[in-house]
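> Dropping the structure in here first, questions after.
Values in this text are rule-based calculations from the coordinates and carry no lab data. Small disclaimer: the values here were computed from a predicted structure and weren't measured. With ideal geometry, Cβ positions are generated from the backbone for all residues, glycine too; neighbour counts draw on all protein chains shown.
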Amino acid sequence: MPLLTFPRSLPLPLPFPPFPFFSPRSTPRPSCICSLSARTRRTDTHSDSAILWFKHDLRLDDHPALSAAVQMHRSILPLYVFDHRILSRYSDELLELVLFALEDLRNSLKGKGSNLMIRFGSAENVIAELVKELQATDVFIEEEVEYEMRKMIGVVKDTLETSSSSDGNPDIVMWRTPFYHVKNLKDLPTSYNDFKKLKLLPTSPLPLATLSAVETELDWGHLPTFSDLKEFIKDKSGKSKQSWNLMNEMPAEVILKENLSKPSRTNGNSLIAKSMRRRLDKSVFVTQKGDVVGGGTNSVLNALAAYLRYLEGTARDDWQEVHKRLRNAETRDGASFTSLFGPALCLGIISRRRVHYEAVMYEKERNAGFLSPFGYSAATVAAAADAVCSMEWFWLLALKDQLTNEGLYSVRIWRWRGHLIQYTVVGHEGPAILLVHGFGAFLEHYRENINGIAEGGNRVWAVTMLGFGKSEKPNVVYTELLWAELLRDFIIEVVGEPMHLVGNSIGGYFVAIVASLWPTLVKSVILINSAGNVIPGFSSQRFSNERRTSGAAGLGAQLLLFYLRLNIRNIVKNLYPTKTKRADDWLINEMLRASYDPGVVAVLESIFSFDLSIPLNYLLEGYEEKTLIVQGMKDPLSDSKAKLAMLKEHCAGLVIRELDAGHCPHDEQPEKVNSIIWEWVVAVERKRPAETYK
């Protein structure tokens, strides 16, 4: 799909409506309020002990479960489990941040007379053992939207339910930190424009809870070093998984520049030593790279205070360091906040509503207690407040989809670099196929292809790319390499095996980049009216991923968005010349819905900075007999005949199928395209020469 859419404190927990993740039990007792799910409880109102499982909530500040638990139980056991299923999702930098956050969390708990128990292994087994040992009546678990995390929580629940105990099984208490007072998540509007009309105000963060000591003779466990942690993950991962994970250590632009020298390896002890020196220097940039904020909650809050007060200047060395990193990370207006604070928010070292609260308090401080209806007076305040509001919107949207399953396909969530990505998968056996949409579209643009291709004996994945559909739209600079790296990581982290890649429009160009840079991930390439040119004799690599947007690009994106919203129906119908009815109300309305999401202007700005200078004939080298071109010959966006002629002349071993269709033949003539893909995958899997497929 081409350029169609995408423009731009209380002492008790607050009341919040329940959203049960698990089925309720019998024998009710008073349920805790705030964002805790409605769980029926035992008749005693102040049970002896409970377990609080920390995952992505590595803080004591603004912690609804902790505040509720201390009112319901005499003792709380704080627990962190080093589970390889969680840790394997983290980059090295995020692992460093986890270690520093846990160190701070443990020290904070000790300061309140408690402690943090550290365990290694499968969360379900660790928790089940501790429940028996402590005779815990409740296990507090934060709600998750990621598919793998939700599946893990389900395993924990099942394990606890099957564990025999004379006193009965513990309750699973699901909780979350409510940013808004949403009465019923299932009634949440899917349009951000309609959501804003509700005029919901962010809730206030909670103060620190008072903890009591845990009486146990159990070993509290020790925090590992970075090298020990890496070794633990390595032991739990297969060799093939380890070699694949090495691929995402080298950015795409480095490969394109033919910089084949591998980054120098740093052993874990040296890594931690360098990080510790930063800690001793009171720097909030604690990791080896030193480009994201980390440490404990107080350190992050200090960095946030410095960030918000950027315009004021400072003589403090630690604040000056934040201001320097801010300037380096400001690739577009406001992008520095997500770049610097995104990982800390992802790990829950600080909550989204705490960030919003601090931003608003500083705005009032600047303006004698006044909040202007026309916006914030400082760019840093706007960047912080807008970022966390956007994060919360996409989190709610993802959770709603997980709970209601109202879409065309069952949606799953994958977190990529801290951002929420939607995808689906259909089929249980056969070759793996990945469908990649074009600009302005989403996974459902393959609405008639996902099941159709799977019925041919395949396993089919479709992903909504960052910045499109209901996937998150962070304030970043979007490039073709960023999207290609997303596809690479999706194949490695979600699918876990080589795939046949199918791409339409600009999605075809992304697929070609992946095939060129990481060939071990790709079995074959199927390009459907792909973007990209053919340049005879091309040999140079002038690619750069270091791009910054300009004010002109922002203005152009705003104007383009206005134009697209007014003309989207006619634009889309023009792309379906033989079956205009396929450009139906559902497709148009979903594109319009997405065009009102926060962050959409940043996505549109990419149109003005795309670099398609690496031609298809270069990217497809080495894919002789493994590239299929499906071309709608009535594509209004390109001269199909001329493009096919160039591809035939300069790309050896291509197979080309011409269709009487426009720019999106997979949606205009899905039955024909499905059949073509079936036959192609069978031929490639059987290693038949491409000529036999023609």
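> If you take every DSSP beta bridge fully contained in the range 390-514, what fraction is antiparallel? Give it as a percent rounded to 5.
That works out to approximately 50 percent antiparallel.
> For the range 601-638, state which chymotrypsin sites (Phe, Trp or Tyr not before Pro) are in a DSSP loop and have at most 16 other beta carbons lying within 10 Å of their beta carbon.
Answer by residue number: 610.
> Please state the relative contact order of the range 265-394 as a whole percent: Cα pairs under 8 Å, 6+ residues apart?
Normalised by residue count, the contact order of the range 265-394 is 21 percent.
> Set the Förster distance to 30 Å, then compute FRET efficiency between residue 135 and residue 234 from the Cβ-Cβ distance, nearest 0.05.
Efficiency at R0 = 30 Å is approximately 0.25.
> Run the numbers on the range 355-410 and let me know its relative contact order in percent, using alpha-carbon pairs under 8 Å that are six or more apart.
Reported as a whole number, the value is 33 percent.
> Using alpha carbon centroids, what distance separates the range 570-601 and the range 208-236, in Å?
Computed from Cα coordinates, the inter-centre distance equals 51 Å.
> If you average the alpha carbon positions of the range 470-522 and of the range 322-364, how far apart do those two centres end up, in angstrom?
The range 470-522 and the range 322-364 have Cα centres spaced 28 Å from each other.
> If I stretch the segment between residue 621 and residue 48 completely, what's the gain in nm (0.36 nm per residue apart, minus their alpha carbon distance), one decimal?
Working it through step by step, the gained length comes to 199.6 nm.
> Roughly how far apart, in whole Å, are the Cα centres of the range 162-207 and the range 620-694?
A separation of 47 Å, based on Cα centres.
> Could you give the length gained by full extension between residue 429 and residue 372, i.e. 0.36 nm per residue of separation minus their alpha carbon distance, to one decimal place?
Roughly 14.8 nm would be gained on extension.
> If you filter the range 380-454 for GluC sites (Glu not before Pro), then keep DSSP loop positions with at most 15 other Cβ within 10 Å, what is left?
For GluC sites (Glu not before Pro) across the range 380-454 that sit outside H, G, I, E and B with at most 15 neighbouring Cβ atoms in 10 Å, the list reads 406, 429.
> Could you give me the ³J(HN,Hα) list for the range 353-362, computed from phi with Karplus coefficients 6.51, -1.76, 1.60 and θ = phi - 60°, whole Hz, x at Gly and Pro?
In residue order, the calculated couplings are 6, 5, 4, 5, 4, 5, 5, 5, 4, 5 Hz.
> Ok, one more. Applying the Karplus parametrisation 6.51 cos²θ - 1.76 cosθ + 1.60 with θ = phi - 60° to the phi angles of the range 382-398, what ³J(HN,Hα) value in whole Hz is obtained for each residue in order, glycine and proline being reported as x?
3J(HN,Hα) across the range 382-398, in whole Hz: 4, 4, 5, 5, 5, 5, 6, 5, 5, 4, 5, 4, 6, 5, 5, 4, 5.
> Also: May I ask you to evaluate 6.51 cos²θ - 1.76 cosθ + 1.60, the Karplus curve with θ = phi - 60°, for each residue of the range 221-235 and list the ³J(HN,Hα) values in order in whole Hz, giving x for glycine and proline?
x, 10, 6, x, 7, 4, 5, 5, 5, 5, 5, 4, 5, 4, 5
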